[in-house]
1. For segment 92-109, which residues satisfy the criterion of being over 20 Å from residue 153 (Cα atoms) and either in contact with a strand residue (DSSP E or B) (Cβ under 7 Å, 6 or more places away or on another chain) or modelled with pLDDT under 95 (or both)?
2. Any chance segment 223-236 includes a residue that's assigned by TED's automatic domain parsing to the domain that holds residue 305 and assigned to a loop (DSSP other than H, G, I, E, B)?
3. Output the number of residues of segment 192-203 satisfying the condition of being in contact with a strand residue (DSSP E or B) (Cβ under 6 Å, 6 or more places away or on another chain) and surrounded by fewer than 24 Cβ atoms within 10 Å (Cβ to Cβ).
4. Across segment 96-138, which residue is surrounded by the most Cβ atoms within 10 Å (Cβ to Cβ) among those that are part of a loop (DSSP other than H, G, I, E, B) and in contact with a helix residue (DSSP H, G or I) (Cβ under 8 Å, 6 or more places away or on another chain)?
5. Could you please let me know if residue 301 is assigned by TED's automatic domain parsing to the domain that holds residue 202 and at pLDDT 95 or above?
6. Return yes or no: is residue 100 closer than 16 Å to residue 146 by Cα and without any contact (Cβ under 8 Å) to a residue 12 or more places away in the chain?
7. How many of the residues in segment 139-170 are touching a strand residue (DSSP E or B) at 6+ places or on another chain (Cβ under 7 Å), more than 30 Å from residue 197 (Cβ to Cβ) and not in a loop (DSSP other than H, G, I, E, B)?
């Protein structure tokens, strides 16, 4: 694992202590050009602000929170569509325009870190930066221009953080459950045993198909019903092929869960929250109505199939989709329906939370202690590897 890598903070960013996976809660790291300590004076744990930044293939998201008992209270948040992975499937590189969009969003994040006097932060980048030949160069540019030290995390860690961030919304029940995260550049499915306070990962798989990568992989679609149907079938086939090894490995568990009638499913992504909004008939997105909702999978399948066959103009006119999501939502629907085939639950839990919340929970897990044992961190991150 990576060793502690203190952030060198330019003038735009305060002395925020940033951490990489193995460095969580490592004591007394120096930050800043002059070696200033991470915090200037002791702050009561419940007043300390923690931050998580998730730079994905499609979105840049920030969450700042303070501890509150066994949970946390959000004090600031930010989200912007940056489409960092736009064109990546064709070129293998992050484009100048995409990097500029992401940097503009990260400058906003840096300013919020400064204003909120953040005590401890962790910033991660996912599939777009993992795949791009210039991903590491972009990470260095981000640090140079904003002071934010992004860590390109593995698909396995991405899956673990998503589970840590949303597992509390799983329906009660016995036996293993499936949690999935549909991203911009990849999708993760994680089979968990939720008996413990932090679910134990039994198996997992990541495929390089997210809403951006799958849309670009299929390419332009002619404006006809037949072409849209063919493209949707192609998308579903690609996702199923990607998950084929996982499907084979979990077959006995799936069969047992179906026989016992104990098959639970929880999803976190813009796809599931958008489709849940349509299920509720919301005129605009409302997190309070969606986060924690349980919906029939048959209803989500029906919405997915209807959206897949609409023209681009018709999709733009649908509430909660609009122009921003209209060209990507079909790929999300194809991924979601394929997940329903793999893990055929009757009900789907909806989570408007994930990696950022997982980061915050891991940062706050020790009750504010400056030192965390490596063994405790290994327990938090323990899980199966395919």
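The values are calculated or read from the model by the stated rules, or taken from the named source; none is laboratory data. Worth saying up front: this structure is predicted, and the values here are computed from it rather than measured. No Cβ is skipped: glycine too gets one built from the backbone with ideal geometry, and neighbour counts run over all protein chains shown.
1. 108
2. yes
3. Number of matching residues: 7.
4. Looking at residues that are part of a loop (DSSP other than H, G, I, E, B) and in contact with a helix residue (DSSP H, G or I) (Cβ under 8 Å, 6 or more places away or on another chain), I get 126.
5. yes
6. Considered against the rule, which asks whether it is closer than 16 Å to residue 146 by Cα and without any contact (Cβ under 8 Å) to a residue 12 or more places away in the chain, residue 100 comes out as yes.
7. So the count comes out to 2.
Conditions tested, residue by residue: (1) in contact with a strand residue (DSSP E or B) (Cβ under 8 Å, 6 or more places away or on another chain); (2) at positive phi; (3) at pLDDT below 50.
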| residue | (1), (2), (3) |
| --- | --- |
| 346 | yes, no, no |
| 356 | yes, no, no |
| 360 | yes, no, no |
| 366 | no, no, no |
| 371 | no, no, yes |
| 380 | no, no, yes |
